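Worksheet: one structure, shown below.
The values are calculated or read from the model by the stated rules, or taken from the named source; none is laboratory data. The structure presented is a predicted model; accordingly, all values stated were derived computationally and were not measured. Here Cβ is always computed from backbone atoms with ideal geometry, including for glycine, and neighbour counts include all displayed protein chains. Keep in mind that these areas ignore ligands, DNA and RNA; they rest on the heavy atoms of the full protein, side chains included. Shrake-Rupley method; radii C 1.70, N 1.55, O 1.52, S 1.80 Å.
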4 protein chains.
Amino acid sequence: MTRITLATLNALPADAFEAVIAPLFENAPWVTAGLAAMRPFASLTALHAVAIGRLYAADDAGKHSFLRGHPMLSPAALLRGITADSMAEQRSAGIDGLNAGDAAKLDAANTAYLARFSFPFILAVRDVSVATILTAMQRRSTASPAAELLEALREVEVISWLRLLDRVLPASTGGISTHVLDTVRTGPGAGLEGELWHIPSGAGSSRVAHFVTDKSGRAATMLGDGALMAGIYELRLEVAAYLAGMGVSTLDRSLFPSVSVRFAVMNPEEHFHVLVLLSNGAYTAYRGR
Amino acid sequence: MTRITLATLNALPADAFEAVIAPLFENAPWVTAGLAAMRPFASLTALHAVAIGRLYAADDAGKHSFLRGHPMLSPAALLRGITADSMAEQRSAGIDGLNAGDAAKLDAANTAYLARFSFPFILAVRDVSVATILTAMQRRSTASPAAELLEALREVEVISWLRLLDRVLPASTGGISTHVLDTVRTGPGAGLEGELWHIPSGAGSSRVAHFVTDKSGRAATMLGDGALMAGIYELRLEVAAYLAGMGVSTLDRSLFPSVSVRFAVMNPEEHFHVLVLLSNGAYTAYRGR
Amino acid sequence: MTRITLATLNALPADAFEAVIAPLFENAPWVTAGLAAMRPFASLTALHAVAIGRLYAADDAGKHSFLRGHPMLSPAALLRGITADSMAEQRSAGIDGLNAGDAAKLDAANTAYLARFSFPFILAVRDVSVATILTAMQRRSTASPAAELLEALREVEVISWLRLLDRVLPASTGGISTHVLDTVRTGPGAGLEGELWHIPSGAGSSRVAHFVTDKSGRAATMLGDGALMAGIYELRLEVAAYLAGMGVSTLDRSLFPSVSVRFAVMNPEEHFHVLVLLSNGAYTAYRGR
Amino acid sequence: MTRITLATLNALPADAFEAVIAPLFENAPWVTAGLAAMRPFASLTALHAVAIGRLYAADDAGKHSFLRGHPMLSPAALLRGITADSMAEQRSAGIDGLNAGDAAKLDAANTAYLARFSFPFILAVRDVSVATILTAMQRRSTASPAAELLEALREVEVISWLRLLDRVLPASTGGISTHVLDTVRTGPGAGLEGELWHIPSGAGSSRVAHFVTDKSGRAATMLGDGALMAGIYELRLEVAAYLAGMGVSTLDRSLFPSVSVRFAVMNPEEHFHVLVLLSNGAYTAYRGR
């Protein structure tokens, strides 16, 4: 799908605007109806938040009705003609290629879930394995109806967000930066070489940045100005070379010659500041604020 | 090089035995002379420790003389006819392919180092980059002579150890195991799927094990019985599927969908127990004992 | 309250046995009725699990009725004559000493909660501050009725467990041990001196053990054989002395001269294995398995 | 000792200025001679760096001579009339109260050390235990002469720095701040109450600040404007109350009800930013940059 810019989206005629965003919510144009009048949106995040707010503002009957508008995760559903978005999502999870045994297993789990909650099992399945789908369904099948209603709506948040990203380019506010702290020397991990890789599902990986941390152990924003995409990235740090420079002998620095931190960008309008606490024999990775 | 077994090594005639191990130490047959009489060795670790013990037992003049028996890390040295082991090691670091500018830079650094310490710069360079060599040399050039003598000998430990592994298969005492602790639920990370990959330098990676952690969060020994090799391994944990099973919604589990811990096995006769402390938004990796 | 042993409890006449355990559950003798016939219990953990299992097995009406048998957390409740256990618990949280303003605030929050869920707000308040009570109530007031029912029952698990511990000495299966890993030297934190302190609420602390970690970095079980109590313990590690022994200069080891890990023992029949990952400039504490 | 301000020090007549700082270096007025001409100093850090730079600029003979000007750590030395500073430092470590057996042990170790290195064993002993002194001496006794010379000078850095702080108030550039990251919710640990305590050696502790972390999980600078002192501080975080507010039930939040991080301020002109990564069942503390 060719993506339009947010500026273009903001400038479309109202009906064209709503035609773009209506498919975000499965068979539920009411969720996005009238949003055209609230333009311009400064970000996809803002637009999405407004739509999600409406969904949560619906009463319980409205929420149930909305959830019942979703197809089952099932090979049979794929044959029955569902929305193009649902079709693509289920295919990315391999639902269309299930053998008869697995399909029967999935259908049985779906039927039991539907009987209990009166709406089909909903999960953001893009690039998720069938095993994960079954594990999640098993777990959620024992939840209380109220808790499960919320859980299903949270998955709708993800599904609709990814569908929005399929159609419109995000605002250029996002980016990735890093900060390495050396907990042996109790200071910044300065002069450390690293790379940032993009790891798309399916196809091959590509290096999108090369950096050397500055005096404070930081590498400045990479993939800013709209270059950040939703998906998986991997930060690679050349720890062995760094430790060699710190005077650590080959024997002592041999455990983690390189450190790779793989993380998922769900919202490319956000900034991802990935921190690594580094010692000779351990490291900790987390997202900073 | 085809490797012989430790049993075969222990059973060789004394002169053949010493012919195998003499090249471990560059131009210094005295380090390993007479070791045949101490056989059988239960492990390469034991054999190597005896040889290294002799090296450290030499007086300062003996140590200096030994270190002076090593070639420079230099394209010129490669032309001059050095031992086959040194040749292979320097080539793996790309010394033979340096352009004229970099070669001159390396030679200048080598000459300055030699002038200060009266022995050539020694580093275990197998699969190490030229940048790392230069960084290490720059750092070590400012050390005191006594400290640098020790540093050089520690590198000899690594060099001779890797040369021994080139010739003889290690005892089958090593292996890799893992243990995942879930710090959100304050308990074992049970039922977590993962894989173990071998990442050889140069060629492609290969999956060597697939596992699911048991009730205590552990995966039992992989690559035991002699299958463990010196080199890089990577542990991959399917965190997203695990968290989905724990009832964590897609939104909350999205940061680290998988966790990869890459680590180096220097001594394949050791056991590597790799632990991961896991929460939704951070993880810590280290080697346990 | 003088506590009896588990052996004594197991040997009591049935009516005496049930008189001991009936007060565990507020105004609900049915939860523990008939448990005498299931004796002997090997542990308090087993006895408690059976009672809790009955509670969860009740239908929703039964659970609601049970929860409605609890008093409000309120100074007014204290005057109205509630069970001795509830009285003591509320006093430990300072409910009896609230000034008029805070009491009114608490009562208003209680009334709103009761109106929404039709049972009073229940929290294990022993030694908890009024601020924490209000924070928890504010948060839980927005939960779904189904989720909040579960939440209240989980608090009952804690309340009844602590009441059981008030009456009967736990089985002697518990204890505390520790393991220190040195992530700078990538090995055990051996020879590290430490102490274990008991930190009772109110009164002064007392040192209950002194230890030196062994070669593997471990200190063996302390407070075994029934000496472990429910409550707060603190592990103190003499890091500065350890690092001095490792050859770290005063300047480099100065950040964390000692490391104290304070943790709560809820179930003294369990073993608490507390691990510390230690480097010069960072440490991580967690409970191992 | 009443401390003067840095402004006062900068304004003193040259001979008075040098009389203040000469005792920083044991029996070695040459280290600080002439520093008066370099005034004003913007900080004690700057003044000290200049003096230390002179010490390191001395040749090896000069350094050895300087180190030989130090007294032994020994009860006998205390009787023989050493400088008042050395006297106070050794007393704080309990050297004056050693029994005959321990004193003999210490003297024997000192004599062996002196024989090997030709200067007495030097350690910054303020508030350090005799056990730590002996451990450090044992370790350092096996170092190379060159390495040990450096080690001794690094201890002199600490000793002279603490003596400077005894005499002059530091510049008001230091302070303590904190930042809590919640790794369960992958975001800031906001609204978390905590306290900062000062833990002087000997006397009782005192609470010096109370704080609640802001939306970003931070607490702003405490003890700024010259209120920070060299010594031990402890940060205490009320984790149980925070988790209760996050909707974590009593059972799940029971492991670490509070987290205390004790750290040493060596240079009160620096800013100490102490970070805590927090999950239900683990935490990591480190100093940020």
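Note on the range C:129-163: among residues that are of a type in the set (Gly, Ala, Ser) and within 22 Å of C:Gly97 (Cβ to Cβ), the one that is surrounded by the fewest Cβ atoms within 10 Å (Cβ to Cβ) is C:Ala131. Determine whether the range D:246-269 contains at least one residue that is on the phi > 0 side of the Ramachandran plot, out of contact with any strand residue (DSSP E or B) (no Cβ under 9 Å at 6 or more places or on another chain) and open to solvent by 30 Å² or more (accessible area, probe 1.4 Å). The answer is yes, given that some residue of the range D:246-269 is on the phi > 0 side of the Ramachandran plot, out of contact with any strand residue (DSSP E or B) (no Cβ under 9 Å at 6 or more places or on another chain) and open to solvent by 30 Å² or more (accessible area, probe 1.4 Å). Annotation note: of C:Arg154, C:Arg126, C:Arg167, the sole residue that is within 14 Å of chain A (Cβ to nearest Cβ), charged (D, E, K, R) and under 30 Å from C:Thr8 (Cα atoms) is C:Arg154. Is there a residue being modelled with pLDDT under 90 and part of a helix (DSSP H, G or I) anywhere in the range B:123-130? For the range B:123-130, residues modelled with pLDDT under 90 and part of a helix (DSSP H, G or I): present. Of all the residues in the range A:198-216, those that are within 12 Å of another protein chain (Cβ to nearest Cβ) and in contact with an Asp or Glu (Cβ under 9 Å, 6 or more places away or on another chain) number 4. Residue count for the range A:243-289 satisfying the condition of being within 21 Å of D:Gly187 (Cβ to Cβ) and without any contact (Cβ under 8 Å) to a residue 24 or more places away in the chain: 3. Scanning the range B:164-180 for residues that are open to solvent by 20 Å² or more (accessible area, probe 1.4 Å) and among the β-branched types (Val, Ile, Thr) gives a single hit, B:Thr173. Pairs are defined by a Cβ separation below 6 Å, a sequence spacing of at least 6 or placement on different chains, a first member in the range C:1-24 that is under 11 Å from C:Leu169 (Cα atoms), and a second member that is open to solvent by 60 Å² or more (accessible area, probe 1.4 Å) and outside any helix (DSSP H, G or I); the pairs so defined are C:Arg3/C:Leu169; C:Thr5/C:Leu169. Total residues in the range A:79-94 satisfying the condition of being closer than 21 Å to A:Arg68 by Cβ, assigned to a helix (DSSP H, G or I) and among the polar types (S, T, N, Q): the figure is 2. State yes or no: is A:Ala136 out of contact with any Gly (no Cβ under 9 Å at 6 or more places or on another chain) and away from chain C (no Cβ under 14 Å)? Taking the combined requirement at face value, the residue does not satisfy it. Output yes when any residue across the range A:192-209 is assigned to a strand (DSSP E or B) and out of contact with any strand residue (DSSP E or B) (no Cβ under 6 Å at 6 or more places or on another chain), and no when none is. No, because not a single residue in the range A:192-209 is assigned to a strand (DSSP E or B) and out of contact with any strand residue (DSSP E or B) (no Cβ under 6 Å at 6 or more places or on another chain). Residues of the range C:113-122 include at least one that is open to solvent by 20 Å² or more (accessible area, probe 1.4 Å) and in contact with a His (Cβ under 9 Å, 6 or more places away or on another chain).
Taking the range A:217-289 as the region of interest, the strands (runs of 3 or more DSSP E) fully inside it that hold 2 or more residues being at the interface with another protein chain (Cβ under 7 Å from one of its Cβ atoms) are A:259-265, A:271-279, A:282-287. Out of all the residues in the range D:131-154, which are part of a helix (DSSP H, G or I) and under 17 Å from B:Ser144 (Cβ atoms)? If the condition is that a residue be part of a helix (DSSP H, G or I) and under 17 Å from B:Ser144 (Cβ atoms), then D:Arg140, D:Pro145, D:Ala146, D:Ala147, D:Glu148, D:Leu149, D:Leu150, D:Glu151, D:Ala152, D:Leu153, D:Arg154 are the ones that fit.
Checked against (1) within 14 Å of chain A (Cβ to nearest Cβ); (2) touching a Ser or Thr at 6+ places or on another chain (Cβ under 9 Å), C:Ala143 passes all but condition (2). Does B:Arg126 qualify as being without any contact (Cβ under 8 Å) to a residue 24 or more places away in the chain and either buried (at least 17 other Cβ atoms within 10 Å of the Cβ) or under 20 Å from A:Thr250 (Cα atoms) (or both)? For B:Arg126, the condition - without any contact (Cβ under 8 Å) to a residue 24 or more places away in the chain and either buried (at least 17 other Cβ atoms within 10 Å of the Cβ) or under 20 Å from A:Thr250 (Cα atoms) (or both) - is not met.
Check the range D:100-115 and report whether any residue there is closer than 16 Å to D:Glu155 by Cβ and within 22 Å of the chain's Cα centre (by Cα). Among the residues of the range D:100-115, not one is closer than 16 Å to D:Glu155 by Cβ and within 22 Å of the chain's Cα centre (by Cα), which makes the answer no.
Checked against (1) within 14 Å of chain C (Cβ to nearest Cβ); (2) closer than 30 Å to A:Ala112 by Cα; (3) not aliphatic (A, V, I, L, M), A:Thr186 passes all but condition (2).
Looking across the range D:181-198, the residues that are open to solvent by 20 Å² or more (accessible area, probe 1.4 Å) and of a type outside the set (Ser, Thr, Tyr) come down to D:Arg185, D:Pro188, D:Ala190, D:Gly191, D:Glu193, D:Glu195, D:Trp197, D:His198.
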